[in-house]
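Peer 1: Before anything else, here's the structure in question.
Where a number appears in this text, it was derived from the coordinates with a stated rule and is not lab data. If you're wondering where the values come from, they're calculated on a predicted model, not measured in any experiment. Glycine also receives a Cβ, built like all others from the backbone with ideal geometry; neighbour counts cover every protein chain displayed.
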Amino acid sequence: MMNVKSGQGSSYRERTQEFSSIAERLRKSFPSLNAGVSANNVGVGVGAVAKRTSVFDDPTVEIQELTAVIKQDITALNAAVVDLQLVCNSQNGSESISSDTTTHSTTVVDNLKNRLMGATKEFKEVLTMRTENLKVHESRRQLFSTSASKEPANPFARQHPLANRSTANASTSPPPWVKNSSSSSPLFPRKQADGESQPLIQQQQQMVPLQDSYMQSRAEALHNVESTIHELGNIFTQLATMVSQQGELAIRIDENMEDTLANVEGAQGQLMRYLNGISSNRWLMIKIFFVLIAFLMIFLFFVA
Amino acid sequence: MKITALLVLKCHPIPDGSDPVILANATDVNHFGYFQRVTVKQFIVFVGRTVAKRTPPNQRHTVQHEEYKVHSYNRNGLCVVGFMDDHYPVRSAFSVLNQVIDEYQKKHGESWKTIQADTTSQWPYLNDALTKFQDPAEADKLLKIQRELDETKIILHKTIDSVLERGEKLDSLVEKSSDLSAASQMFYKQAKKSNQCCTIL
């Protein structure tokens, strides 16, 4: 589109030629848009394929390939339509364009955009339907568990060829760490599809709705243990914090007690001095007594 | 949470027409009535054979039968089946089966492959295992660890509570000691004051 932008100052004729060339190109991409539509048909085909999947015959690989192809086509078409719209706007920006050409170009662009939107919407619907199917399969798979006793998947077993599909399915079902253990495999009913279609004898035996496989439950238990240990670590840290804070309190108490001890000892010293002072007061009393007797003597000398 | 029976069987791999052969059998049917015990034992044998026959190699299965769960684990033709009640955790059940099968292989090596008829002799380890594993924590180390961790957590919570109490008591002690030091200071001042005034008198 760079050459289009450089041709801004070109004449009206050149503009028309540019637009017609781009329309040509787009007409060529119409087959690709038709391919997009046919990709849409393929999407519909994917939808049909997704609809007819059962527990066993799950053409997941095909669906994924088709999905990838359709997505690429849609992105390419989207880019092309955006470019066309830019060209259209740039052409509308210039003056020497008749209104007919403007309306024509805008109409073409709008039409292409609408068709692309419709195709994208249908594709999205197909994808949602596929996810719903997957969910239904999951729930159905969990309903009927693994043991050989009952064969509720029997109708499916009779419809589709079993062995190959089962491995494809096992690959889609997630836990990858299951593949590491050779001695145990996920408890999914698909491995029942090895031709063993005898109904079980006792009618009393029922399927246990196993929620998790063995490995999953072990992993879950390990997670629990790990989180418990983590919490324990937290608790210990908090405990340490609290104890250190309380240690500070203990130091304060200790200081207070030492202050009290010093004060009481000082007070005791004062009181001892006071006691000594009081106990040695007799010496002062004797002095006062002598002074009184001296006064009495003088008084007696004056009177007698 | 109870194990009712443990069986070790030899399963034939693909030609599933023949029934598995019992290699060891341990049952605890004491909670059934006296006259029902033989019937229950036969029934256990039969169900065990059927479940083992239906277990493909290298896989674990669980079947619900009335109020029991029957767990089976098939390892290369040697199959061990356990009858547990509904409360017994599934994982512990399979770890019990794992231990039993390991012990059997250690003890008997490959000799079990040649046995063609049901073994009637008892295998004491199986009986001991039956009584030991009535408590699922014995078999499943994860369960044991989880249980101990939970107990530790409870103890720690109690510890934290007591530490908080200690904090409160320390608070009150701090207040009381500061009051005491203030009082002693007043006491000291009073003593000094009363000492100064009354020396003359």
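Peer 1: Working out 0.36 nm times the residue gap between residue A:139 and residue A:261, then minus their Cα-Cα distance, what length gain in nm do you get to one decimal?
Peer 2: Fully extending the segment from residue A:139 to residue A:261 adds 36.0 nm.
Peer 1: Within 10 Å, count the other beta carbons around each residue, average over each peptide in B:41-50, B:179-188, A:219-228, and list them highest first.
Peer 2: Highest to lowest by the protection proxy: B:41-50, B:179-188, A:219-228.
Peer 1: Per residue of the stretch A:281-290, what does 6.51 cos²θ - 1.76 cosθ + 1.60 with θ = phi - 60° give for ³J(HN,Hα)? Whole Hz please, x for Gly and Pro, Karplus curve as stated.
Peer 2: Result, rounded to whole Hz: 5, 4, 4, 5, 5, 5, 4, 4, 4, 5.
Peer 1: Which of the listed residues, B:98, B:47, B:195, is farthest toward the dipole's positive end in chain B, when Lys, Arg count +1 and Asp, Glu count -1 at the beta-carbon?
Peer 2: Among B:98, B:47, B:195, the one farthest towards the positive end of the dipole of chain B is B:195.
Peer 1: Also, quick follow-up: Please provide three numbers in whole Å: the alpha-carbon extents of the stretch B:75-175 along the principal axes, with the largest listed first.
Peer 2: 86, 27, 23
Peer 1: Take A:102, B:120 and order them by how many other Cβ atoms sit within 10 Å, fewest up front.
Peer 2: B:120, A:102
Peer 1: What are the ³J(HN,Hα) couplings of the stretch A:77-84, residue after residue, when phi is run through the Karplus curve with 6.51, -1.76, 1.60 and θ = phi - 60°? Round to Hz, x for glycine and proline.
Peer 2: Computed from phi, the couplings for the stretch A:77-84 are 5, 4, 4, 5, 5, 5, 4, 4 Hz.
Peer 1: Given Cα pairs under 8 Å that are at least 6 residues apart, what percent is the relative contact order of chain B?
Peer 2: 23 percent
Peer 1: Averaged across the residues of A:266-272, what count of C-beta atoms belonging to other chains lies within 10 Å of each residue's C-beta?
Peer 2: If you average over the peptide's residues, the count of other-chain Cβ atoms is 6.
Peer 1: Note down the nm distance, to one decimal, between modelled labels 7 Å out along Cα→Cβ at residue B:164 and at residue B:151.
Peer 2: 2.5 nm
Peer 1: Taking the Cα centre of chain B as the origin, how large is its charge dipole in debye, to the nearest 20, when only Lys and Arg (+1) and Asp and Glu (-1) carry charge on their Cβ atoms?
Peer 2: Taking the Cα centre of chain B as origin, the dipole is about 420 debye.
Peer 1: Please compute the average number of Cβ atoms from other chains found within 10 Å of each residue's Cβ in peptide A:241-247.
Peer 2: Across the residues of A:241-247, the mean count of other-chain Cβ atoms within 10 Å is 3.
Peer 1: May I ask you to derive the FRET efficiency for residue A:290 and residue B:176 from their Cβ-Cβ distance with R0 = 41 Å, giving the value to the nearest 0.05?
Peer 2: Using R0 = 41 Å, I get an efficiency of 0.15.
Peer 1: Another question, then. Based on the Cβ-Cβ distance from residue A:279 to residue A:248, what FRET efficiency comes out when R0 is 51 Å, to the nearest 0.05?
Peer 2: For residue A:279 and residue A:248, the calculated efficiency is 0.65.
Peer 1: A follow-up question, please. If Lys and Arg each add +1 and Asp and Glu each add -1, what is the summed charge of the other residues whose beta carbon sits under 12 Å from the beta carbon of residue A:267?
Peer 2: Neighbour charge sum, excluding residue A:267 itself: +3.
Peer 1: Right, here's the next one. Computed over the Cα atoms of the stretch A:259-303, what is the ratio Rg over Rh, Rh following Kirkwood?
Peer 2: My calculation puts Rg/Rh at 1.47.
Peer 1: Something else: What list of ³J(HN,Hα) values in whole Hz, one per residue of the stretch B:42-52 in order, does the Karplus curve 6.51 cos²θ - 1.76 cosθ + 1.60 (θ = phi - 60°) give from phi, with Gly and Pro shown as x?
Peer 2: Per-residue couplings from phi come out as 4, 5, 4, 4, 5, 5, x, 4, 4, 5, 5 Hz.
Peer 1: Would you please give the residues with an amide H less than 5 Å from that of residue B:78, counting only those at least 5 places away or on a separate chain, with H modeled from the backbone geometry?
Peer 2: Under 5 Å from the amide H of residue B:78: B:11.
Peer 1: Quick one: B:88, B:34, fewest Cβ neighbours within 10 Å first, how do they rank?
Peer 2: The most exposed by this proxy come first: B:34, B:88.
Peer 1: Inside 10 Å of the C-beta atoms of B:179-190, what's the mean count of C-beta atoms belonging to other chains?
Peer 2: Going residue by residue through B:179-190 and averaging, the value is 6.
Peer 1: Ranked from highest to lowest mean number of other Cβ atoms within 10 Å per residue, what is the order of the peptides B:128-139, A:280-291, A:251-262?
Peer 2: B:128-139, A:251-262, A:280-291
Peer 1: Order of A:235-243, B:3-11, B:140-148 by packing, highest average Cβ count within 10 Å first?
Peer 2: Averaged packing, sorted descending, gives the order B:3-11, B:140-148, A:235-243.
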